[in-house]
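S.K.: Could you have a look at this structure, given as structure tokens, before my questions?
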Amino acid sequence: MKTPEDFKQQVKLHNITFWKHHECGICNTPIGYVFDNDQVYFSSACGCTSISSPDQLRSWEEIADRYNSIQENSKVNENLKLEEKEFWKF
Ligand SMILES: [Zn+2]
């Protein structure tokens, strides 16, 4: 299990600025988390949907929860788990 602090650290260490959550179904723009100055935002930048809004402040707990739930979900493809692991350089 990774902790919120682990992610904070990796973002700083490797200058990670964005973690993809999914791609917009209409224009394929990556939608996801933006890291800026110790803060986490959720960016829905492409503007295809009517709910497109300014970046929302999120928490490091949410990042850790999402990562851990990917790694622990037996239905998630092993390649995706590996990809995420490599992305975060754990
Ligand atoms: Zn879009």
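S.K.: Can you name every residue in segment 57-68 that is without any contact (Cβ under 8 Å) to a residue 24 or more places away in the chain and outside any helix (DSSP H, G or I)?
M.R.: Leu57 - this is the single residue of segment 57-68 that is without any contact (Cβ under 8 Å) to a residue 24 or more places away in the chain and outside any helix (DSSP H, G or I).
S.K.: Six or more apart or on different chains, Cβ atoms under 6 Å: show the pairs whose first residue is in segment 1-22 and aromatic (Phe, Trp, Tyr) and whose second is not in a strand (DSSP E or B).
M.R.: Phe7/Trp60; Phe7/Ile63; Phe7/Ala64
S.K.: Which one of these does Lys89 not meet: (1) within 14 Å of Lys2 (Cβ to Cβ); (2) surrounded by 12 or more Cβ atoms within 10 Å (Cβ to Cβ)?
M.R.: Every listed condition holds for Lys89 apart from (2).
S.K.: Now, a different point. Restricting to segment 1-34, and then to whatever is touching a helix residue (DSSP H, G or I) at 6+ places or on another chain (Cβ under 9 Å) and among the acidic types (Asp, Glu), can you tell me which residue is farthest from the ligand (Cβ to nearest atom)?
M.R.: Step by step, filter segment 1-34, then rank; the result is Glu5.
S.K.: Out of (1) surrounded by fewer than 12 Cβ atoms within 10 Å (Cβ to Cβ); (2) touching a His at 6+ places or on another chain (Cβ under 9 Å), the odd one out for Asn79 is which?
M.R.: Condition (2) is where Asn79 drops out.
S.K.: Please work out which one of (1) more than 13 Å from the chain's Cα centre (by Cα); (2) not in a helix (DSSP H, G or I) is the condition Gln71 fails and give its number.
M.R.: Going through the list (1) more than 13 Å from the chain's Cα centre (by Cα); (2) not in a helix (DSSP H, G or I), Gln71 breaks only (2).
S.K.: May I ask you to list pairs of residues, at least six apart or on different chains, whose Cβ atoms are under 8 Å apart, with the first in segment 69-90 being at pLDDT 95 or above and the second being surrounded by fewer than 12 Cβ atoms within 10 Å (Cβ to Cβ)?
M.R.: Sorted first by the residue in segment 69-90, then by its partner, the pairs are Lys89/Leu13; Lys89/His14.
S.K.: Restricting segment 54-76 to residues that are surrounded by 11 or more Cβ atoms within 10 Å (Cβ to Cβ) and small (Gly, Ala, Ser), which is farthest from Phe7 (Cα to Cα)?
M.R.: It comes out as Ser59.
S.K.: Among the candidates Phe42, Phe35, which residue alone is at pLDDT below 95 and in a strand (DSSP E or B)?
M.R.: Phe42
The values are calculated or read from the model by the stated rules, or taken from the named source; none is laboratory data. Everything quoted here is computed from the prediction, not taken from an experiment. All Cβ positions, even for glycine, are placed from backbone atoms using ideal geometry, and neighbour counts span all protein chains on display.
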